[in-house]
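The values are calculated or read from the model by the stated rules, or taken from the named source; none is laboratory data. From a predicted model like this one, the values you see are computed outputs, not experimental measurements. Reconstructed Cβ throughout: ideal geometry from the backbone, glycine too, with neighbour counts over all protein chains shown. Quick note on the areas: whole protein, heavy atoms, side chains included, nothing else; ligands and nucleic acids left out. Shrake-Rupley method; radii C 1.70, N 1.55, O 1.52, S 1.80 Å.
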Amino acid sequence: ALDSVGTNNGTFPNGMSFVAGEVGTAFNLNGVNQFVLVQTWTNSSLNVGLSVGFTIEGWVNPANVTVAMPVVEYERILASPTGNDVGVQLYISSGAPGRIRANVKDTIGIGGDHVLDSAAGIMTAGAWQHMALTYDKALGLTVLYRNGVVVAQANLGSFPPSTAFTNFVIGARTFNGS
């Protein structure tokens, strides 16, 4: 999990395997306990909430789109059951099969939720798809994309997103497993 652009290298706390991806090699998460962990205290460049906005994007190939699957999540304390220990989140199938859900949690009031959902059935199992979440802090505009097409957008308000936590997790919510 080497960062090809910066110094935000990740680790595999529970092991990992790889498969051919849409572009090069991809992480092959087992859906039980494997995830990629980037501990951000070594480099604050992943605290993207400090800037005027952010984009989180990547290629995913979900094996299943009927259960909620975390794509990325900021966590203050790994394995904490407290909602205040979770920051910005991007999920597949949270609340409905094939849905993309973003929660652009804010730092005001200790992690207020700002949820944006796509329609159900946007994501499909067994196929590579590009998904993205963008947030423009000045406008308060949040947009979800699948394969470059807008699938949901809303003005969630202008606030500092909760991205200062010490852990950036790919493929899991460590309290509930991956």
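Where in region 138-178 is the amide nitrogen less than 16 Å from a point lying 7 Å along the Cα-to-Cβ axis of Asp3?
Residues passing the 16 Å test: 163-170.
Is region 97-162 rounded, prolate or oblate when judged by the Cα gyration tensor, a ≥ b ≥ c being the square roots of its eigenvalues, rounded requiring a/c under 1.5 and prolate requiring a/b larger than b/c?
Judged from the Cα gyration tensor, region 97-162 comes out prolate (a/c at least 1.5, a/b above b/c).
Please give the per residue accessible area of region 37-178, computed with a probe of 1.4 Å over protein heavy atoms only, in Å².
Counting only protein heavy atoms, the per-residue value for region 37-178 is 43 Å².
Only Cα pairs within less than 10 Å get springs; with that Gaussian network setup on the chain, which residue of Thr66, Thr142, Thr25 has the largest fluctuation?
Thr25
If a paramagnetic tag sat 7 Å from the Cα of Leu139 along the Cα-Cβ line, which residues of region 52-92 would have the backbone N under 17 Å from that point?
52-56
Gln129: net charge of surrounding residues, Cβ under 10 Å, Lys/Arg +1, Asp/Glu -1, itself excluded? Walk me through the numbers on the way to the answer.
On the way: positive: Arg146; negative: Glu22.
The answer is 0.
Can you tell me how the chain classifies by the Cα gyration tensor, rounded, prolate or oblate, using a/c under 1.5 as the rounded cut?
Taking the square roots of the gyration eigenvalues as a ≥ b ≥ c, the chain is rounded.
Report the label-to-label distance for Ile108 and Ala125 in nanometres (one decimal), using points 7 Å from each Cα along the Cα→Cβ vector.
The two pseudo-label positions are separated by 4.1 nm.
Per 0.36 nm of contour for each residue apart, how much would the distance between Phe12 and Val149 grow if the chain were fully extended, relative to their Cα-Cα spacing?
46.2 nm
Show the residues, 5+ positions off or on another chain, whose built amide H is closer than 5 Å to the amide H of Val151.
Under 5 Å from the amide H of Val151 lie the amide H atoms of Leu144, Tyr145, Arg146, each far enough along the sequence or on another chain.
How large, in percent, is the carbon and sulfur part of the accessible surface of the chain at a probe radius of 1.4 Å?
57 percent
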